[in-house]
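> Got a structure here, written out as structure tokens. Questions coming.
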Amino acid sequence: MSGMVAWFARNSVAANLLMVIAFFGGIYSYFQMEREMFPSFATNGAAVSVAWEGASPQDVEEQIVTRLEEAVADINGLDRITSIAREGIGTVIVIGREGIDMDIFVDEVERRITQINNLPQAAFQPQIRRSEARNWYFGTAVHGDVDELTLKRVADQVRDDIALLPGGDLAVLNGTLDEEVSIEVSETDLRRYNITLAEVAMAIREASVNSSGGRVRSSVGEVSMTTRNQADTKDQFENIIVRQSNEQGLIRVRDIASVIDGFVDADLDARFNNRKTAFVFMPSPDVMDLPDYAKGFRDYIECANTRTEKACEDVPIQPSLPEGMKIDILWDDSVIFDARMKLITESAALGALLVCIILILFLRPIVAFWVTVGIITAFAGGIFLLPFMGVSWNILSTFAVLLVIGVIVDDAIVVGENIHKEVESGRREGLDAAIVGTQLVLKPLVFGVITPIVAFLPWLFLDGGVRNQTMQISLVVVAALTFSIIECMFILPAHLAHMKKQTFDGPGGGINRAQRRIADSLLWFAANIYKPTLELALRFRYATVTLFASIFFLSVSAVSITKNVPTSFLPEIEGGLVIINIDLPDGTPFSRTLQVRQQLADAVDVATLELSEEWPDIETDIIDGASIIAFNGGIEAYVGLIPPEERPETLRTRDISD
């Protein structure tokens, strides 16, 4: 290791080439890395859902859930089964053990489920999917003074438009019922035309059909024969011919029945600020670029709402909202992400400036400059390695960057200060001082980096979904510290290899003398205050150990008793959204669900008023709209908040939700 330090110190071209690779490689990797709020990952399992309309939870459990559990109970690699029976639907979550091939496991689950032949006849086909943890990073509300059918179809179009935009591949529509055309046959008209209900059903079944008729071979090729007459709208169903005779002429569906273009018979009521609403949510796709994707959505929404040529000029999909309709943003994770990136950028710039100033005051400008450049190079080199490790820019990885800033800064300062000491002592100059100064601190430097790396490495071997989160932190720490030691051992010594002893002659002599007085004051403090205190502590070492052990014990006791210091596995991140879920007992009338929804809406209004009175200096309402979806068996609400940076530091999201 000492030989490599000397070789790079003597070959400045190699050291500079390594620095350039790290610097430009870091810039390239930064713009190539995925940017997301939280990393998406597939969990070790599959979810099986079976719908059975009108069935009670007990019937769902006995006739669906139990049979699903029996089918998958002995699958190789099974860890556990979690089942939920609700009114009208049963869900079985099959979790596999760590280390097994999940593709084979999920295929086996699907094979076992498809072989079940004793499910209730009225139940729908089982829906099987691989369990995934995806972050819903953008939410919108489509609302306006229109009827429900128009609202549903406009929201469908908005969802389809967003799905064509980058990042909107998985856009889902929520808060609406599926469309359904119902035909109500008049008994009086059936008697008048002497038509039976079976004839009507047969006519509709035969006339509304899409069917393949095979292929016809000819001398010029093959022609596909298909019948495409599937009725889809009210007018198409009304024009279906039920009977044709010379006496009665054409009898169509509209002559004997009322065709209603509406929705399936289910209980659902979705509102945004007490207005009928449909929601379009965007789960994160496999490849994420959160700021760019969110900007595309915002541009689309601005174009849809303003309908101006300027707002729509850069939008690839031109929206067409009817008059009186609008799209509002419920939440946008890119706001928090951009704030975190701004924090890191400002912290890095401020930290580099402060380090440079402190080193100029107590060492020398050349040392300060190259140490600061070394810190930036170490971070750039760490970023350069991250894409090869499968790490993205997210809240966890940026938290890890903030975590290791101190260690990286310390490494560069230790090497730079020791080389400066060798030069100023007069023992060595230039290249010899750079080599020896680095070699003298090589062992503590290496072990100082290895220690945190070893501390974070076990996080890579945790089980379950938490590993996908801790891995982001561990790999960032390993990459940043690895390149930190590379920069300190191989690059920084080459940059300080030409440093000579400081002189006080010439134009800069006065500045150098002032800087030396500041540096000497620190040396005086070390020799006259710190050193005697250290010698005293070493002389009475048992008393010193007892004193600090007592302070540690008292601190731990105070924290345990007062519970003023919260603990959590991951940092609590301020957000702009409060999600509320209310589960009601099975069988609760929907009228009661609507009452609870209204109580929740009133509570949001009261909280908005109280917060405005408590924080009068904030110009806008702290609570920025509430979206509430009431459905059979529960309520789901999304309460928007103003961005964290616009709120007082003492007003946390948790406090607002409480």
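The values are calculated or read from the model by the stated rules, or taken from the named source; none is laboratory data. Quick caveat, the model's predicted, so the values are computed rather than measured. Here the Cβ positions follow ideal geometry from the backbone for every residue, glycine too, while neighbour counts run over all protein chains shown. Surface areas here come from the heavy atoms of the whole protein model, side chains and all, with no ligands, DNA or RNA. Shrake-Rupley method; radii C 1.70, N 1.55, O 1.52, S 1.80 Å.
> Answer yes or no as to whether Ala9 is assigned to a helix (DSSP H, G or I), over 27 Å from the mean Cα position of the chain (by Cα), modelled with pLDDT under 85 and more than 30 Å from Ile473 (Cβ to Cβ).
Yes, satisfied.
> Something else: Could you run through the range 588-629 and say how many residues are in contact with a strand residue (DSSP E or B) (Cβ under 7 Å, 6 or more places away or on another chain) and open to solvent by 40 Å² or more (accessible area, probe 1.4 Å)?
Residues that pass the stated criteria total 2.
> OK, next. Scan the range 238-279 residue by residue and report those that are closer than 30 Å to Asp189 by Cβ, part of a strand (DSSP E or B), open to solvent by less than 60 Å² (accessible area, probe 1.4 Å) and among the β-branched types (Val, Ile, Thr).
Of everything in the range 238-279, those that are closer than 30 Å to Asp189 by Cβ, part of a strand (DSSP E or B), open to solvent by less than 60 Å² (accessible area, probe 1.4 Å) and among the β-branched types (Val, Ile, Thr) turn out to be Val242, Ile251, Val259.
> Here are Phe447, Phe399, Phe483: which of them is part of a helix (DSSP H, G or I), of a type in the set (Phe, Trp, Tyr) and crowded, with 18+ Cβ neighbours inside 10 Å?
Exactly one residue qualifies, and that residue is Phe483.
> Could you list, in sequence order, the residues of the range 336-352 that are modelled with pLDDT of 80 or more, farther than 24 Å from Asp289 by Cβ and in contact with a helix residue (DSSP H, G or I) (Cβ under 8 Å, 6 or more places away or on another chain)?
none
> Next up: Any residue in the range 515-526 that is within 16 Å of Ile357 (Cβ to Cβ) sitting within a Cβ distance under 6 Å of a residue that is open to solvent by less than 70 Å² (accessible area, probe 1.4 Å) and not acidic (Asp, Glu)? List the pairs, counting only those 6 or more apart or interchain.
Ile518/Leu361; Ala519/Phe362; Leu522/Phe362
> For residues that are assigned to a helix (DSSP H, G or I) and either farther than 30 Å from Phe631 by Cβ or touching a Leu at 6+ places or on another chain (Cβ under 8 Å) (or both), tally how many sit in the range 164-192. Don't jump to the end; show me each part of the working.
Taking the range 164-192 first, the residues assigned to a helix (DSSP H, G or I) are 164, 187-192.
Filter again for either farther than 30 Å from Phe631 by Cβ or touching a Leu at 6+ places or on another chain (Cβ under 8 Å) (or both), leaving 187-192.
Residues that pass the stated criteria total 6.
> Please state which one of Phe38, Phe24 is at pLDDT 90 or above and open to solvent by 70 Å² or more (accessible area, probe 1.4 Å).
Phe24
> Still on this structure: On the given criteria, is Ile195 farther than 30 Å from Gly296 by Cβ and either over 29 Å from the mean Cα position of the chain (by Cα) or part of a strand (DSSP E or B) (or both)?
yes
> Considering only the range 450-489, state which residues are touching an Asp or Glu at 6+ places or on another chain (Cβ under 7 Å), closer than 30 Å to Phe41 by Cα and modelled with pLDDT of 85 or more.
Within the range 450-489, Ser484 is the sole residue that qualifies.
> Any residue in the range 68-90 that's farther than 25 Å from Gly587 by Cα: show its pairings with residues that are part of a loop (DSSP other than H, G, I, E, B) and open to solvent by less than 40 Å² (accessible area, probe 1.4 Å) at Cβ separation under 8 Å, as long as the two are six or more apart or on different chains.
Between residues of the range 68-90 that are farther than 25 Å from Gly587 by Cα and residues that are part of a loop (DSSP other than H, G, I, E, B) and open to solvent by less than 40 Å² (accessible area, probe 1.4 Å), the close pairs are Ala71/Ile116.
> Residues in the range 631-644: is at least one more than 27 Å from Lys276 (Cβ to Cβ), surrounded by 14 or more Cβ atoms within 10 Å (Cβ to Cβ) and in contact (Cβ under 8 Å) with a residue 12 or more places away in the chain?
yes
> Also: Scan the range 275-295 and report the pairs whose first residue is touching a residue at least 40 places away in the same chain (Cβ under 8 Å) and more than 25 Å from Ala637 (Cα to Cα) and whose second residue is part of a loop (DSSP other than H, G, I, E, B) and among the hydroxyl-bearing types (Ser, Thr, Tyr), with Cβ atoms within less than 8 Å and a gap of 6+ or a chain change.
From the range 275-295, the pairs are Asp286/Ser40; Met288/Ser40; Met288/Ser392.
> Let me ask something else about it. Filter the range 302-311 down to residues that are touching a helix residue (DSSP H, G or I) at 6+ places or on another chain (Cβ under 6 Å) and open to solvent by 10 Å² or more (accessible area, probe 1.4 Å) and give me whichever is nearest to Val335 (Cα to Cα).
The qualifying residue nearest to Val335 (Cα to Cα) is Glu302.
> Mind listing just one residue for me: the one in the range 414-424 that is open to solvent by 50 Å² or more (accessible area, probe 1.4 Å) and of a type outside the set (Asp, Glu) and, of those, modelled with the lowest pLDDT?
For the range 414-424, the residue satisfying everything is Lys421.
> Of the numbered conditions (1) modelled with pLDDT of 80 or more; (2) open to solvent by 40 Å² or more (accessible area, probe 1.4 Å), Ile195 satisfies every one except a single condition; which is it?
With (1) modelled with pLDDT of 80 or more; (2) open to solvent by 40 Å² or more (accessible area, probe 1.4 Å) applied to Ile195, the lone miss is (2).
> Which one is surrounded by the most Cβ atoms within 10 Å (Cβ to Cβ) among residues in the range 147-178 that are of a type in the set (D, E, K, R), touching a residue at least 60 places away in the same chain (Cβ under 8 Å) and more than 20 Å from Arg275 (Cα to Cα)?
Asp161
> Could you list, in sequence order, the residues of the range 280-301 that are in contact with a helix residue (DSSP H, G or I) (Cβ under 6 Å, 6 or more places away or on another chain) and either over 17 Å from Asp160 (Cα atoms) or not in a helix (DSSP H, G or I) (or both)?
Step one: list which residues in the range 280-301 are in contact with a helix residue (DSSP H, G or I) (Cβ under 6 Å, 6 or more places away or on another chain), which gives 280, 290-291, 294.
Scanning the range 280-301 gives Val280, Leu290, Pro291.
> Now a separate question. Hey, which of the helices (runs of 4 or more DSSP H) in the range 502-574, taking only ones fully inside, have at least 3 residues that are modelled with pLDDT of 80 or more and small (Gly, Ala, Ser)?
Those helices (runs of 4 or more DSSP H) span 541-562.
> Could you list all residues from the range 460-480 that are part of a helix (DSSP H, G or I) and loosely packed, with under 15 Cβ neighbours inside 10 Å?
Our first condition is that a residue be part of a helix (DSSP H, G or I); within the range 460-480, this holds for 460-461, 466-480.
Selection gives Leu460, Phe461, Val466.
> In the list Leu457, Leu492, Leu442, Leu431, which residue meets the criterion of being within 23 Å of Val355 (Cα to Cα), in contact with a helix residue (DSSP H, G or I) (Cβ under 8 Å, 6 or more places away or on another chain), surrounded by fewer than 21 Cβ atoms within 10 Å (Cβ to Cβ) and not polar (S, T, N, Q)? Can you show your working first?
Values: Leu457 fails: within 23 Å of Val355 (Cα to Cα); Leu492 fails: surrounded by fewer than 21 Cβ atoms within 10 Å (Cβ to Cβ); Leu431 fails: within 23 Å of Val355 (Cα to Cα).
Exactly one of Leu457, Leu492, Leu442, Leu431 is within 23 Å of Val355 (Cα to Cα), in contact with a helix residue (DSSP H, G or I) (Cβ under 8 Å, 6 or more places away or on another chain), surrounded by fewer than 21 Cβ atoms within 10 Å (Cβ to Cβ) and not polar (S, T, N, Q), namely Leu442.
> Could you look through the range 201-237, keep only residues that are in a loop (DSSP other than H, G, I, E, B) and either of a type in the set (D, E, K, R) or surrounded by 11 or more Cβ atoms within 10 Å (Cβ to Cβ) (or both), and pick out the one that is modelled with the highest pLDDT?
Thr233
> Looking at the range 324-332, is at least one residue open to solvent by 20 Å² or more (accessible area, probe 1.4 Å), modelled with pLDDT of 80 or more and assigned to a helix (DSSP H, G or I)?
No, the range 324-332 contains no residue that is open to solvent by 20 Å² or more (accessible area, probe 1.4 Å), modelled with pLDDT of 80 or more and assigned to a helix (DSSP H, G or I).
> Where the second residue is of a type in the set (Val, Ile, Thr) and open to solvent by 10 Å² or more (accessible area, probe 1.4 Å) and the first is more than 23 Å from Asp338 (Cβ to Cβ) and lies in the range 380-397, which pairs have Cβ atoms under 7 Å and are six or more apart or on separate chains?
Listed by first residue and then by second, the contacts come to Gly381/Ile486.
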